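Chemist: One structure, pasted below without further comment.
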Amino acid sequence: MKTLVVINACVREAESRTLRIAEPVIAALGKSYNVVRYDLPQMDIVPLNPRLYAQRALGEVPAWARGAASAIAAADRILIAAPFWDMSFPAALKCFFEQTSLFDITFTDNGSTCVGLCNSPKVLYITTRGMDISTGDPREQATPYLMALGSLWNLGELTVISAQNMDYSTPEEIDAKISACVAEGMAVAEDW
Ligand SMILES: Cc1cc2nc3c(=O)[nH]c(=O)nc-3n(C[C@H](O)[C@H](O)[C@H](O)COP(=O)(O)O)c2cc1C
């Protein structure tokens, strides 16, 4: 069975609108993929600090980070669920990427530039935004980052499922937007 790596950066956990979209999509994909899941809110991931940086220079990397980087590199598909925070995504996700962007695991170099070592030809990014900001708006800085990291790691096509203006919608409107995104995700999952 092929492997799906899920990176869940929904800090509000049970309250998360983003997770309300992502969970049914993950469950559907779980029928055709072996799911390896990283729930970042439960992982207390820190940025690369002086101690971790010094250890990395000696070739010492936290076991969880090495394992996650290897899982990402080997994954057939990657799904990222993250709310829109401060015009991007939560810092926990950046810390996760910082810890798992590892030389000779997720990327290497060819003597003149960096070359990605990941295999996933498709990445699905699920998000919800408080303001009325669309994917690709210059104020939306999550997708450009994910595309740039995908270029470093050799990740393939990025599909974005997003709901917006969530903080200025009625509960009924929010439910309708979430249902529409779930339907979109289910359609993607069918032949993903
Ligand atoms: C810490 C924090 C930062 C946020 N920053 C932004 C922002 O910069 N722009 C925006 O449109 N919404 C912002 N929001 C609103 C969220 O994007 C919105 O409520 C989203 O639906 C939350 O997703 P969740 O329910 O999955 O946590 C922020 C919310 C929080 C809690």
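Chemist: Among the residues in region 108-118, are any at pLDDT 95 or above and within 12 Å of the ligand (Cβ to nearest atom)?
Modeler: The answer is no; no qualifying residue exists.
Chemist: A further question on this structure: If the requirement is being in a loop (DSSP other than H, G, I, E, B) and either open to solvent by 60 Å² or more (accessible area, probe 1.4 Å) or without any contact (Cβ under 8 Å) to a residue 40 or more places away in the chain (or both), which of these qualifies: V61, V36, V46?
Modeler: V46
Chemist: Does V25 satisfy being open to solvent by less than 60 Å² (accessible area, probe 1.4 Å), farther than 19 Å from S151 by Cβ and assigned to a strand (DSSP E or B)?
Modeler: No: the conditions fail for V25.
Chemist: Next up: Across region 104-126, what is the total count of residues that are open to solvent by 20 Å² or more (accessible area, probe 1.4 Å) and either in contact with a Lys or Arg (Cβ under 9 Å, 6 or more places away or on another chain) or assigned to a loop (DSSP other than H, G, I, E, B) (or both)?
Modeler: Summing the residues that are open to solvent by 20 Å² or more (accessible area, probe 1.4 Å) and either in contact with a Lys or Arg (Cβ under 9 Å, 6 or more places away or on another chain) or assigned to a loop (DSSP other than H, G, I, E, B) (or both) in region 104-126 gives 10.
Chemist: Which numbered condition trips up G156, out of (1) touching a residue at least 40 places away in the same chain (Cβ under 8 Å); (2) away from the ligand (no atom under 16 Å from the Cβ)?
Modeler: Of the numbered conditions (1) touching a residue at least 40 places away in the same chain (Cβ under 8 Å); (2) away from the ligand (no atom under 16 Å from the Cβ), the odd one out for G156 is (1).
Chemist: Six or more apart or on different chains, Cβ under 7 Å: which pairs go from a residue in region 6-21 that's under 23 Å from N34 (Cα atoms) and assigned to a helix (DSSP H, G or I) to one that's more than 9 Å from the ligand (Cβ to nearest atom) and of a type in the set (G, A, S)? Could you list them?
Modeler: Partner pairs satisfying both residue conditions: I21/G185.
The values are calculated or read from the model by the stated rules, or taken from the named source; none is laboratory data. Because the structure is a prediction, the values reported are computed rather than measured. Using ideal geometry, Cβ is built from the backbone for each residue, glycine included, and neighbour counts are taken over all protein chains shown. Ligands, DNA and RNA are stripped out before the accessible areas are found, and what is left, the full protein with its side chains, is counted by its heavy atoms. Shrake-Rupley method; radii C 1.70, N 1.55, O 1.52, S 1.80 Å.
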